[in-house]
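Structure, as C-alpha cells:
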Amino acid sequence: MNFFHKYSSPKHFYPLAGRLIPWFGAITAVLMMVGLYWGLVIAPPDYQQGDSYRIMFVHVPSAWMSLFVYVVMAVGAAISFIWNIKLADVLAASSAPLGASFTLIALVTGSLWGKPMWGTWWVWDARLTSELILFFLYVGYMALRASIDDPRRAGQSSAILAMVGIVNIPIIHFSVDWWHTLHQPASVMKLGAPTIYITMLIPLIIMAIAFQMFYFTVLLVRMRNEILEREKHTGWVADIVDGRG
Amino acid sequence: MGPGPRDSMRRAIPFRCMHRDCPRTTMKARTKRMILALVAVGGVAVGTTLILRAFKNNLVFYYTPTQVAEGKAPRHSVYRIGGLVEKGTIKRDGLKTSFTVTDLKTAMRVHYTGILPDLFRAGQGIVVEGRAGPTGIFMAKQVLAKHSATYMPPEVAASLKKHAEFAKQAQLAQSR
C-alpha cells in the first residue's frame, strides 16, 4: 500500500515513469516487428479471404485497445472524481487521445476491409454504430476538458461523462450477439476455443500485446507532460527546469 | 495543478445541512460523490437498456427468412434479409443473378442485377437489401457478404472438407 501511496504523488511518479518508458518502448518495438512480420509474411492466407484478412493484425488489436483504454479512462476518472487523486485524473486525461486514435484506426481499417469482403465501406449495423459512438465519447470528453480552464473543475466535469460512457462498452462487445449485424461475431474474445487457426492466432496475440505495450509507452510520456504542465508552479518542477532535479 | 487549496485531497469535508434545526450529518464528501457516481452510471445504464429494448426491432441489421414469413419484416418498405446462399440454387445470366437465401428453416428466392462481392458463393452467409415483389420473390438492390468468424489456411479447410466427406461416406457405407 505504501508503494501506491508514494507513487500516486505526481512528484514521485514523474521519475518512475521516466525510468519505465525506455523498457516499454523497447518491448513495443520488438513485439511490433515480430508480430507484423509474422502476420504479414509468415502466416498463411485465409481459405476464404486470401491475403485481405491480414488487415486483421492491425484492426483487431486496435479495436480491443479502443475498449480497454476507455475502461482505463473511466476507472481513472472515477478514482479522481471520488477520491480526488490527482494522478488518476492525469491518467484519464492522457488516455483520451490515445483511445480516440485506436478507435479511429479500428474504424478506418474495418472500412478498408469491409469494401472488398462485404461489398461496402460502411453500414449502420449495431457493431459499427456503437464503435462510432465510442469515438464521439472520446472526442466529447476531450472537448469538455478543453472547454474548462481550471484543470480541477475540468477533471470533475469530464469525469462524469467518462463514467457514464462506460455503458457503451458492453454494448459494443455484445452487439454482435444481441442483434443481427453484418459484422461477424467474436473469434477470440468469447467462451470456448478461438475460431482462428493457431498459425494466425499467434501473430494476432503478439500484435495485441504490442499494441498494449505501445499504449503504456505513449501513456507514460503523455502523463509526464501533463504532470509538468499542471505542476509548473511547484518547486520540484523548477528544480528539473534548472537542472537540479 | 496550480497553487491553491489542496486540502480536499487529504481531509474529508463534513456535510452540513443548511437547515438550522437539522442535526449535523456526518456523511463525508467522498461518500456523497461515490453515491452520485453510482446513481449517474446506474441511471444511464437503465435508461440505455430501456431505449435499446424499445427500439429492438429497429436495431437489427437484417431479418431472417423465417421472420419474414412470420410477417415481422416491414412489408411495404425496403428491408434486408440475411441467411445462407443455398447450394445449387445460383442461376446466372450476365449481370442478372438469382439464388435462394435460407436460414435452414425457411427459404426465399432472390433476384439481383449487379456486381456481387468476392465472397459471394454457395453456402456463404449474405445480407441482401431490397423489397419483396408481388410474386413473393425478393428484388434485391444490394448484396453484402457476411464473412464468418472462422479463419484458417486453405490446406486446413481442404483437409477438413476431405475428412467431412470421408466421414459422410463412411456413415453412408455403415447405413447400407
- Selected from A:D150, A:D177, A:D46 as most flexible by GNM, with chain A as the system and alpha-carbon contacts under 10 Å: A:D150
- Message: Just want the ordering: B:M27, A:M117, from fewest to most Cβ atoms lying within 10 Å of their own Cβ.
- Response: B:M27, A:M117
- Check B:G83: other-chain or 5+ apart residues with amide H under 5 Å from its amide H, H built from backbone geometry? B:I126
- Binned Cα-Cα distance frequencies in region B:65-145 - 10 Å width, integer %: 19, 59, 21, 1
- Query: So between A:K232 and A:S111, what do we pick up on full extension, going 0.36 nm a residue minus the alpha carbon distance?
  - Reply: 39.3 nm
- Query: Taking 0.36 nm per residue of separation and subtracting the Cα-Cα distance, what length does fully extending B:Q171 through B:S148 add?
  - Reply: 5.5 nm
- Put +1 on the Cβ of each Lys and Arg and -1 on the Cβ of each Asp and Glu in the protein assembly as shown; which of B:G130, A:L128, A:A162 then has its Cα farthest toward the positive end of the dipole? A:A162
- A correct Karplus calculation of ³J(HN,Hα) over region A:155-169, with 6.51 cos²θ - 1.76 cosθ + 1.60, θ = phi - 60°, whole Hz and x for Gly and Pro, returns x, 5, 5, 5, 4, 4, 4, 4, 5, 5, x, 4, 4, 6, 5
- Based on alpha-carbon positions alone, could you give the equivalent ellipsoid semi-axes of the protein assembly as shown from the gyration tensor, as √(5λ), descending, whole Å? 51, 28, 18
- How far is it, in nm, from the label point at A:D177 to the one at A:L191 when both lie 7 Å from their Cα along the line to the Cβ? 0.7
- Item | Bins of 10 Å, starting at 0 and running to the largest distance - Cα pair percent for region A:132-209 | 15, 30, 27, 19, 8, 0
- Item | In Hz, Karplus ³J(HN,Hα) per residue of region B:156-161 (6.51, -1.76, 1.60; θ = phi - 60°; x = Gly, Pro) | 5, 4, 5, 6, 4, 5
- Please give the net charge around B:V156, taking every other residue with its beta carbon less than 12 angstrom from that of B:V156, where Lys and Arg add +1 and Asp and Glu add -1. 0
- State which stretch of chain A is the longest one without any exposed trypsin sites (Lys or Arg not before Pro), exposure meaning a DSSP loop state and at most 13 other Cβ atoms within 10 Å. A:1-231
- Message: Given contacts defined as C-alpha pairs under 8 Å and at least six residues apart, what's the relative contact order of chain A, whole-number percent?
- Response: 31
- Enumerate the calculated ³J(HN,Hα) couplings along region B:130-147 in order (Karplus 6.51 cos²θ - 1.76 cosθ + 1.60, θ = phi - 60°), each rounded to whole Hz, writing x wherever the residue is Gly or Pro. x, 9, 6, x, x, 8, x, 7, 7, 8, 8, 9, 8, 10, 10, 8, 10, 6
- Message: Return the Rg/Rh ratio of region A:79-165 with Cα-based radii and a Kirkwood Rh.
- Response: 1.11
- Radius, Kirkwood style, for chain A when every pair of distinct Cα atoms is counted (Å): 19.6
- Item | For B:Q142, distant residues with modelled amide H under 5 Å away | B:E129
- Projected label distance in nm at A:V221 and A:D149, using a 7 Å step from Cα toward the beta-carbon: 3.1
- What dipole magnitude, in Debye to the nearest 20, does the protein assembly as shown give about its Cα centre under +1 on Lys/Arg Cβ and -1 on Asp/Glu Cβ? 980
- Message: Report the gain in length on full extension from B:A40 to B:R109: 0.36 nm times residue separation, minus Cα-Cα distance, nm rounded to one decimal.
- Response: 19.9 nm
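Quick note: the coordinates plus some simple rules give every number you see, no bench work behind them. Predicted model only: the values in this text are computed from it and were never measured. FYI the Cβ positions are ideal-geometry reconstructions off the backbone, even for glycines, and counts take in every protein chain you see.
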